[in-house]
């Protein structure tokens, strides 16, 4: 069953191609608190992540994000990285779930949209 997921799903961990590429060229750099594992090639030009579960790019913490996008050369696992006060923890994307944001007036929101006050004039050609 695990091999079927590996072959037919790209959103769950890694594909078989990514697994082969990682085995052949990848040098493990580190792992974050969520279990995502980070790799790079020997020359350091290519960097990638193997997610611990569902593959969502926003699951990468801020420190690793900077390393993945070549903004810093030193990975957080190779230094004493401490997140800044303004860096918030990850909140998963809730689009399409019952907890998604629904503004007033949305068909899925139970509250009523405020009545129009008449301060808007429609354009007339």
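The values are calculated or read from the model by the stated rules, or taken from the named source; none is laboratory data. The structure displayed is predicted, hence computed values, not measured ones. With ideal geometry, Cβ positions are generated from the backbone for all residues, glycine too; neighbour counts draw on all protein chains shown.
Quick look at the values:
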| quantity | calculated |
| --- | --- |
| Within segment 89-119, tally of residues that are surrounded by 10 or more Cβ atoms within 10 Å (Cβ to Cβ) and under 19 Å from the mean Cα position of the chain (by Cα) | 5 |
| Selected residue (criterion: farthest from residue 13 (Cα to Cα)) from residues of segment 24-79 that are part of a helix (DSSP H, G or I) and without any contact (Cβ under 8 Å) to a residue 12 or more places away in the chain | 66 |
| Residues that are touching a strand residue (DSSP E or B) at 6+ places or on another chain (Cβ under 8 Å), surrounded by fewer than 12 Cβ atoms within 10 Å (Cβ to Cβ) and at pLDDT 85 or above, drawn from segment 28-61 | 42 |
| The lone exception for residue 87 - which of (1) modelled with pLDDT of 85 or more; (2) in contact with a helix residue (DSSP H, G or I) (Cβ under 7 Å, 6 or more places away or on another chain) it fails | (1) |
| Test: residue 102 is at pLDDT 80 or above, under 30 Å from residue 54 (Cβ atoms) and touching a helix residue (DSSP H, G or I) at 6+ places or on another chain (Cβ under 9 Å) | no |
